[in-house]
Amino acid sequence: MAVVKGFQQITGSLQNTTFYTIQGSDRVYVRTKGGPSKRMIKTSPAFEKVRCNNEEWKGCTQMASAIREAFRALKGVEDYPVIGSLNAMAKQIQSFDAGNNHGRRALYLSQHKELLAGFSLSRKQVLENVLRVPITALIHRETGTAGINIPANNTGMYLYNYRSLPYFRIIVSFSSVCDICFSEEKKQYAPAFPDFSRFQEAFVTEWLPTSGTAPALAQTLQMPIDVNDLPESVSLVLSVGVEFGNVGLDGLPSPVKYTGTGKVMDVQ
């Protein structure tokens, strides 16, 4: 992959060359077009492994999409291409499946929850550096609930307002993510239990001033599902974030993109 330096901003295609940008970088990247034809990849025995890899990649992108959907309420704090990191994580989870053949390997997030716990939605700042008070965030799988507790704090001491914005708020997201398996019946990857995939409950505080004392937060979120029927292949994900805001055109607080931070606090 080439990187353009010293040119004016160029994106798009030029003959056999494509110019493109990546979120979080001010560089312009360059790649050339070419390679085997689609027909060769679909039919040639020499590309059997490629076909298996392509099929498995569909499962990876499904899992990455499902995980990202789990913290959809925190999308505004993402300051880098989160989906790329989630795709890589999904591929790692898939590599642990020794029970299925190449091209059919499943993605058992329920067996590797530790890979997702602690995942940060921001690279510029981490949650503990921005909100410098102890956060208690736990999932109670047996009841299908999640609890979050944040003590009252002096924002001048315990809130790192690195953009000097006048408002902030806390966002909590509680969601379900289902394992992804290859369906021999449908000949494609799909959630193991579609009826339990992508449930979500979210809580957002009112906008609070970034000066003075912020009140304590104690909140319980309940999944809208019957936990007695919750399969082991369904993981529950609890995420917490801080979002900063400024005065909008209507005179009311409005979120400012890429100024906050978030983190996956617990996975059960």
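Here region 10-29 is the region considered, the condition is being modelled with pLDDT under 70 and assigned to a strand (DSSP E or B), and the residue that is most open to solvent (accessible area, probe 1.4 Å) is Leu14. Restrict the check to region 44-54 and report whether at least one residue is over 30 Å from Pro255 (Cα atoms), modelled with pLDDT of 95 or more, assigned by the TED database to the domain that holds Tyr162 and of a type in the set (S, T, N, Q). No. Looking at region 87-96, can you tell me whether even one residue there is among the aromatic types (Phe, Trp, Tyr), at pLDDT below 90 and farther than 30 Å from Ser254 by Cβ? Checked region 87-96: no residue is among the aromatic types (Phe, Trp, Tyr), at pLDDT below 90 and farther than 30 Å from Ser254 by Cβ. Within region 49-64, the residues that satisfy the criterion of being touching a residue at least 60 places away in the same chain (Cβ under 8 Å) and open to solvent by 50 Å² or more (accessible area, probe 1.4 Å) are Lys58, Gln62.
Considering only residues that are assigned to a loop (DSSP other than H, G, I, E, B), free of Cβ contacts under 8 Å to residues at least 40 places away in the same chain and loosely packed, with under 15 Cβ neighbours inside 10 Å, which ones fall in region 185-221?
Looking only at region 185-221, we keep the residues that are assigned to a loop (DSSP other than H, G, I, E, B), and these are 185-187, 192-193, 197-199, 205-207, 210-212, 215-216.
Those still in the list that are free of Cβ contacts under 8 Å to residues at least 40 places away in the same chain too: 185-187, 199, 205-206.
Across region 185-221, the qualifying residues are Glu185, Lys186, Lys187, Glu206.
Please verify whether region 116-129 includes one or more residues that are open to solvent by 60 Å² or more (accessible area, probe 1.4 Å) and aliphatic (A, V, I, L, M).
First pass over region 116-129, keeping only residues open to solvent by 60 Å² or more (accessible area, probe 1.4 Å): 123-124, 128-129.
Narrowing further to those that are aliphatic (A, V, I, L, M): none.
There is no residue in region 116-129 that is open to solvent by 60 Å² or more (accessible area, probe 1.4 Å) and aliphatic (A, V, I, L, M).
If we keep just the residues of region 133-158 that are in contact with a helix residue (DSSP H, G or I) (Cβ under 7 Å, 6 or more places away or on another chain) and surrounded by 14 or more Cβ atoms within 10 Å (Cβ to Cβ), which is farthest from Thr220 (Cα to Cα)? The residue in question is Val133.
Of the residues making up region 159-181, those that are surrounded by 21 or more Cβ atoms within 10 Å (Cβ to Cβ) and within 22 Å of Leu109 (Cα to Cα) are Val172, Ser173, Phe174, Ser175, Ser176, Val177, Cys178, Asp179, Ile180.
Within this structure, Lys257 passes the test of being assigned by the TED database to the domain that holds Gly118, assigned to a loop (DSSP other than H, G, I, E, B), of a type in the set (Lys, Arg) and within 17 Å of the chain's Cα centre (by Cα). The residue that is nearest to Glu142 (Cα to Cα), counting only those in region 222-254 that are in a strand (DSSP E or B), among the hydrophobic types (A, V, I, L, M, F, W, C) and open to solvent by less than 60 Å² (accessible area, probe 1.4 Å), is Leu236. Annotation note: of Val77, Val3, the sole residue that is more than 29 Å from Gln188 (Cβ to Cβ) and either open to solvent by 20 Å² or more (accessible area, probe 1.4 Å) or at pLDDT below 80 (or both) is Val3.
The values are calculated or read from the model by the stated rules, or taken from the named source; none is laboratory data. Keep in mind it's a predicted model, so treat the numbers as computed, not measured. With ideal geometry, Cβ positions are generated from the backbone for all residues, glycine too; neighbour counts draw on all protein chains shown. Side chains included, ligands, DNA and RNA excluded: accessible areas come from the protein's heavy atoms. Shrake-Rupley method; radii C 1.70, N 1.55, O 1.52, S 1.80 Å.
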